[in-house]
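Here the structure comes first, spelled out in structure tokens, and everything after it is commentary.
The values are calculated or read from the model by the stated rules, or taken from the named source; none is laboratory data. Source: prediction; values computed, not measured. Counting neighbours? That spans all protein chains shown, and the Cβs are built from the backbone with ideal geometry, glycine included. Just so you know, the surface numbers come from the protein's heavy atoms only, side chains and all, with ligands and any DNA or RNA stripped out. Shrake-Rupley method; radii C 1.70, N 1.55, O 1.52, S 1.80 Å.
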Amino acid sequence: MKILVAIKQVPDTATQMKLGADGKTIDPTGITWIVSPYDEFAVEEALRIKEKRGQGEVVAVSLGPDRVKEALRSCLAMGCDRAIHLNDPAWGAADTLMTARALAAVVKQEAPQLVLCGRQAIDDDMGALPAQLGELLGWPSAYWIMEEAVDADGKTVRVARQVEGGLEVFDLPLPAIVTAQKGLNEPRYPTLKGIMGAKKKELKDVKAADVGLAAEAPQLSITALEALPPRPPGRIIQGDLPTAVKELVRSLREDAKAI
Amino acid sequence: MDFAFTEQQELIRKEVASLARSFPADYWLEKDNSAEYPWEFVRAFAQGGWLGCIVPEAYGGSGLGVTEAAIVLHEICAAGAGTSGASPVHFYMFPPMPVIKHGSEDLKRRYLPGVATGEIVMSFGVTEPNAGTDTSRIETRAERRGDRFVVNGRKVWNTNARQATHMLLLARTAPRDPAHPFAGLTLFFTPFDRAKIAVKEIAKLGRAAVDSNEIFIDGLEIPVEDVVGEVGRGFYHLLDSLNPERIMTGIEAVGIGRAALERAVQYAKQRIVFDRPIGQNQAIAHPLALAWAKLETAELMCLKAAWLFDGGRPCGAESNTAKLLAAEAGFEACDVAVQTHGGYGYAKEFHVERLFREVRLYKIAPVSQQMVLNYLSEHVLGLPKSY
């Protein structure tokens with residue numbers, strides 16, 4: 001069974017974001033890049049499906065500039081068999097729809113039985129791509145899943161997604177698209193042997209023309225980015241306990257109007 | 001000249017950092033308080049195959065160099081694990097070197113796979129109470145009796161004897177000849193037989209999680225197959241692990257300094273006194289900036305020495321210099337970090353206190369700063385020997 005995992009390289013969660021001089025982009029200086037954590041759940045699940053079935057192929061794919069190779073190498077080190085890097089200046093300003101079109105073209109070439117991705121990337125939090133990809137391919141899709149089980153024949157997948165107070169269970173015919181929610185698994189750390197093996201695995205550069213796509217303008221463009229307003233400073237209420245509690249309640253009621 | 005890591009080295013750096021950082025500072029605080037060996041941490045590194053870093057691929061390891069081992073240990077320390085985390089891992093990184101370079105095929109087949117997986121827990125038995133840095137004067141003796149050696153004597157600062165399954169042991173097999181004081185010493189790699197070795201732990205300043213001991217060897221029998229290399233040439237075989245040891249412990253000190261500096265910088269940004277972050281004061285900022293610059297310089301020296309070693313070039317001067325600068329830089333960074341924290345730097349819960357205690361070790365071990373200066377005076381500058 002062939003599984004394709006779509007991943008995105010995003011800034012480390014500990015990175016403090018700075019806006020670029022144009023007010024429309026993030027300043028990339030000093031950013032540590034990682035594989036988006038939800039996508040790591042997807043990679044882990046793909047590897048587990050392959051290991052459980054005892055055969056198959058896991059292909060990691062990502063769209064972005066040269067630095068994205070590092071993220072794909074991490075996926076190879078975790079155990080993916082090969083990687084595809086959609087790397088073309090034509091995709092420089094790609095919105096989710098352009099990215100979905102590029103991925104759909106790769107999926108058509110690769111013909112996997114299952115596409116896995118994270119529920120959303122943790123940078124722009126759009127979460128739009130899996131649905132757009134499903135629509136473009138005409139494939140069934142299920143999002144934010146906590147459990148999955150591919151049937152023995154590889155014809156269907158049973159997934160459970162988190163809903164208020166429980167799990168909602170679906171059977172999807174394959175091929176299908178499934179997105180990973182936190183809790184699906186605990187991603188492995190790459191082993192040293194995995195890292196050493198990663199450099200011998202195929203990491204293919206793919207241009208728009210290679211998947212038969214013509215240049216297009218993004219339909220979505222960023223008009224402006226704004227930094228969050230600085231948090232107002234906290235206030236420490238002085239005095240003995242009974243007085244301080246009275247003042248706290250008064251302040252919560254009258255100043256903050258919280259109670 | 002190329003200062004860049006290879007793509008593989010960069011990936012190693014990143015992945016070790018992420019694995020090491022999955023053990024938070026409180027884990028190490030707890031291990032330090034309870035004096036418990038950090039088994040969870042060691043097992044995580046064993047499972048990831050990291051312990052087999054320098055063991056050749058033919059014996060189950062990854063066959064990487066001292067450079068990669070140095071990257072691993074730097075990231076472990078920079079993650080805040082300190083000497084408590086680095087020591088249990090570095091046993092796998094330099095003590096096996098004489099076995100890899102000089103051991104018989106049979107010895108390598110028997111022991112290296114266990115080293116690579118972490119099943120073998122190593123201890124290093126060289127230093128003695130009556131010899132110190134003058135290794136030629138060790139008194140532990142190994143006498144040949146048929147197909148085995150019988151060992152009697154004692155060792156001090158034997159790290160990890162509480163957990164060890166095996167030991168790299170240096171003993172005299174021929175009397176000391178003043179004309180050739182380093183001849184007649186033999187190196188063994190052998191099971192740690194607790195029936196014949198008594199262990200007495202030494203209470204110490206830092207790294208309570210990993211024990212240091214005095215050990216008393218009484219009639220330990222070692223089969224001749226467990227001799228590393230040639231009988232009588234043990235000291236020379238050991239030299240192959242001494243330069244890597246200086247490089248690796250040096251870069252550990254740099255990593256510990258970085259962990260302390262990271263905490264201090266964070267604190268200096270957040271701590272508000274007189275209505276502004278204390279890091280705005282140059283009296284706080286400049287020592288932190290200087291600490292960074294010195295750590296950076298020391299790390300470069302460590303990596304240069306590692307590069308020389310991996311290229312099969314002489315690296316005595318560079319390895320010693322690396323350890324000298326790194327021990328200073330690491331110590332200064334931890335000291336500045338404590339100072340930046342003010343009174344809280346003295347409290348355990350801010351973690352720089354533990355790092356400060358641990359980093360002090362590197363000015364003494366594996367060789368004192370003064371002996372490094374002696375080495376440089378004599379062997380690099382050509383000045384007359386002072387002792």
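Here are the numbers for this structure:
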{"item": "Hydrodynamic radius by Kirkwood, which averages 1/r over all alpha carbon pairs of segment A:27-115, in angstrom", "result": "14.1"}
{"item": "Cβ neighbours within 10 Å from other chains - mean over B:2-11", "result": "3"}
{"item": "Span from the segment A:232-253 Cα centroid across to the segment A:19-64 one, whole angstrom", "result": "46"}
{"item": "Debye intensity ratio in log₁₀ form over the Cα atoms of segment B:236-387, taken at each q of 0.09, 0.12, 0.16, 0.18 Å⁻¹", "result": "-0.33, -0.55, -0.83, -0.96"}
{"item": "For chain B, alpha-carbon Rg relative to the globular expectation (2.2 N^0.38 Å, N residues)", "result": "0.99"}
{"item": "Test item: A:191-204 mean partner chain Cβ contacts at 10 Å", "result": "5"}
{"item": "Between helix A:68-78 and chain A: long-axis angle, C-alpha atoms, 0 to 90°, nearest 10", "result": "80"}
{"item": "Surface/4 of the Cα convex hull for segment A:80-147, nm²", "result": "5.5"}
{"item": "Fraction of antiparallel bridges per DSSP, the protein assembly as shown only, in percent to nearest 5", "result": "60"}
{"item": "Neighbour-limited loop hits for GluC sites (Glu not before Pro), segment A:160-259 (at most 12 other Cβ within 10 Å; DSSP other than H, G, I, E, B)", "result": "A:Glu164, A:Glu202, A:Glu226"}
{"item": "Alpha-carbon centroid distance for the pair segment A:123-155 / segment B:314-387, whole angstrom", "result": "55"}
{"item": "Mean residue ellipticity (222 nm) of the protein assembly as shown, computed from DSSP H runs ≥ 4 via -39,500 (n - 2.57), nearest 500", "result": "-12500 deg cm²/dmol"}
{"item": "Accessible surface ranking that places the most exposed of B:Phe216, B:Phe192 first, with a 1.4 angstrom probe", "result": "B:Phe216, B:Phe192"}
{"item": "Kirkwood-based shape ratio for segment B:23-69, expressed as Rg/Rh from alpha carbons", "result": "1.14"}
{"item": "Carbon + sulfur, % of accessible area of chain B - ligands and nucleic acids excluded, 1.4 Å", "result": "55"}
{"item": "Over chain B, relative contact order from alpha-carbon pairs under 8 Å, at least 6 apart, %", "result": "16"}
{"item": "In degrees, nearest ten, helix A:96-110 long axis to first principal axis of chain A (Cα)", "result": "30"}
{"item": "Among the listed pairs A:Lys182/A:Lys257; A:Lys193/B:Lys200; A:Lys201/B:Lys14; B:Lys204/B:Lys385, those beyond 30 Å (Cα-Cα)", "result": "A:Lys182/A:Lys257; A:Lys193/B:Lys200; B:Lys204/B:Lys385"}
{"item": "Between segment B:196-215 and segment B:87-149, the alpha-carbon center distance in angstrom", "result": "18"}
{"item": "Net charge contributed by nearby residues that have their C-beta within less than 13 Å of A:Glu110 (K/R +1, D/E -1)", "result": "0"}
{"item": "Against the rule of thumb 2.2 N^0.38 Å, how large the Cα Rg of segment B:7-117 comes out", "result": "1.08"}
{"item": "Relative contact order for segment B:229-332, counting Cα pairs under 8 Å that sit 6 or more residues apart, in percent", "result": "41"}
{"item": "Protection proxy ranking, peptides B:358-365, A:3-10, A:14-21, average beta carbon neighbours within 10 Å, highest first", "result": "A:3-10, B:358-365, A:14-21"}
{"item": "Segment A:57-143: relative contact order in percent, alpha carbon pairs under 8 Å with at least 6 residues between", "result": "24"}
{"item": "Electrostatic dipole magnitude of segment A:2-211 [Cβ: Lys, Arg +1; Asp, Glu -1; Cα centre; debye, to 20]", "result": "680"}
{"item": "Paramagnetic label zone (point 7 Å from Cα along Cα-to-C-beta, B:Gln339; backbone N under 12 Å) in segment B:271-291", "result": "B:283-291"}
{"item": "Paramagnetic reach from B:Ala203 in segment B:330-356 [backbone N under 12 Å; point 7 Å along Cα→Cβ]", "result": "none"}
{"item": "Protein-only accessible surface order, largest first, of B:Tyr27, B:Tyr346 at 1.4 Å", "result": "B:Tyr346, B:Tyr27"}
{"item": "Surface per residue (accessible, 1.4 Å probe) for segment A:27-146, Å²", "result": "37"}
{"item": "Å³ per residue enclosed by the Cα convex hull of the protein assembly as shown", "result": "221"}
{"item": "Net lengthening on full extension, B:Ala285/B:Ser18 (0.36 nm per residue, minus Cα-Cα)", "result": "93.3 nm"}
{"item": "Packing-based ranking, highest mean first, of B:137-146, A:100-109 given that Cβ atoms within 10 Å are counted", "result": "A:100-109, B:137-146"}
{"item": "Other protein chain Cβ atoms within 10 Å, averaged over every residue that makes up B:12-21", "result": "4"}
{"item": "Debye-sum result for chain A in log10 I(q)/I(0), which assumes one identical scatterer on each alpha carbon, at q = 0.08, 0.12, 0.14 Å⁻¹", "result": "-0.40, -0.76, -0.95"}
{"item": "B:Met301 accessible area, 1.4 Å probe, all protein chains in place, Å² to nearest 10", "result": "40"}
{"item": "Cα-based helix-to-principal-axis angle, A:37-53 vs chain A, degrees rounded to 10", "result": "40"}
{"item": "Gain in span if fully extended, B:Arg145 to B:Gln8, counting 0.36 nm per residue against the direct Cα distance", "result": "44.4 nm"}
{"item": "Computed Rg/Rh of segment A:72-198, alpha carbon atoms with Kirkwood Rh", "result": "0.97"}
{"item": "Ordering of B:268-279, B:334-345, A:74-85 by packing [mean C-beta count within 10 Å, highest first]", "result": "A:74-85, B:334-345, B:268-279"}
